[in-house]
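Take a look at the structure below.
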Amino acid sequence: EISYRAGTNDCVVETGTFHDVYDGSSWPFSKTQDGGGIEIDHIVPLEHAWDMGASTWTEGEREQFANELGNLQATAGTYNSAKGSKSPHEWMPPDVAYHCTYLQRWSEIKVTWGLALEAAERDYLLNELTRCSAS
């Protein structure tokens with residue numbers, strides 16, 4: 001059951017159960033000053049995007065990318081920190097069952113925003129997405 005903060009039109013969750021797609025776990029959530037250990041991960045990290053083409057964007061485009069809902073994923077702070085600015089060939093969520101979804105999201109974001117691919121990133125994506133298609 002989810003409880004919302006009064007007076008927020010059900011926009012601020014106070015308590016509930018958090019489901020983390022990165023590791024498949026669930027735990028009771030209670031909003032605290034630190035967000036209950038939950039952080040927002042940029043699927044394609046901002047620093048990575050900068051290096052792959054966002055440095056040429058306007059400030060408005062960079063702000064839009066930073067707030068693009070399709071590029072945001074709530075997860076445990078430990079995973080957000082471990083990932084940092086890494087590409088999929090350097091870091092993947094611990095839940096193997098989520099890998100194909102993660103790679104598809106990563107690829108869609110990169111294509112939608114016209115971001116370049118590093119060679120190792122491209123090779124990894126091609127290999128893993130081919131595997132995903134075969135299963």
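The values are calculated or read from the model by the stated rules, or taken from the named source; none is laboratory data. Since the structure is predicted, the reported quantities are computational estimates derived from the model, not experimental observations. No Cβ is skipped: glycine too gets one built from the backbone with ideal geometry, and neighbour counts run over all protein chains shown. Note: accessible area is taken over every heavy atom of the protein model, side chains too, but ligands, DNA and RNA are not part of it. Shrake-Rupley method; radii C 1.70, N 1.55, O 1.52, S 1.80 Å.
At a glance:
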quantity: Segment 81-131 shape via C-alpha gyration tensor axes, a/c threshold 1.5; calculated: rounded
quantity: For the chain: relative contact order, % (alpha-carbon pairs under 8 angstrom, 6 or more apart); calculated: 23 percent
quantity: Under 5 Å, built H, 5+ apart or other chain: amide partners of PHE18; calculated: TRP27, PHE29
quantity: Dipole-positive endmost among TYR98, PRO88, TRP113 within segment 33-135 (Cβ charges, Cα centre); calculated: TYR98
quantity: In order through segment 89-94: 3J(HN,Hα) via Karplus (6.51 cos²θ - 1.76 cosθ + 1.60), integer Hz, x for Gly, Pro; calculated: 6, 10, 7, 9, x, x
quantity: Placed amide H near ALA74: partners under 5 Å, 5+ positions off or other chain; calculated: ASP41
quantity: Distance from segment 66-135 to segment 1-28 (C-alpha centre basis), Å; calculated: 25 Å
quantity: The chain: DSSP helices with Cα axial extent of at least 15 Å and average Kyte-Doolittle hydropathy no lower than -1.0; calculated: 99-112, 119-134
quantity: Cα-projected label distance for ARG105 with ASP51, points at 7 Å along beta-carbon direction, nm; calculated: 2.1 nm
quantity: Percent accessible area from carbon and sulfur atoms, the chain, protein chains only, probe 1.4 Å; calculated: 52 percent
quantity: Vicinal HN-Hα couplings computed from phi for segment 38-44 (Karplus, 6.51 cos²θ - 1.76 cosθ + 1.60; Hz; Gly/Pro x); calculated: 9, 10, 9, 8, 8, 3, 9
quantity: Sorted largest first, extent of segment 34-79 alpha carbons per principal axis (Å); calculated: 35, 18, 17
quantity: TRP27 accessible area, assembled protein chains, probe 1.4 Å, Å²; calculated: 70 Å²
quantity: In segment 19-98, the GluC sites (Glu not before Pro) that fall in loop regions by DSSP, at most 16 other Cβ within 10 Å; calculated: GLU68, GLU90
quantity: Heavy-atom surface of the chain, accessible at 1.4 Å and reported per residue (Å²); calculated: 58 Å²
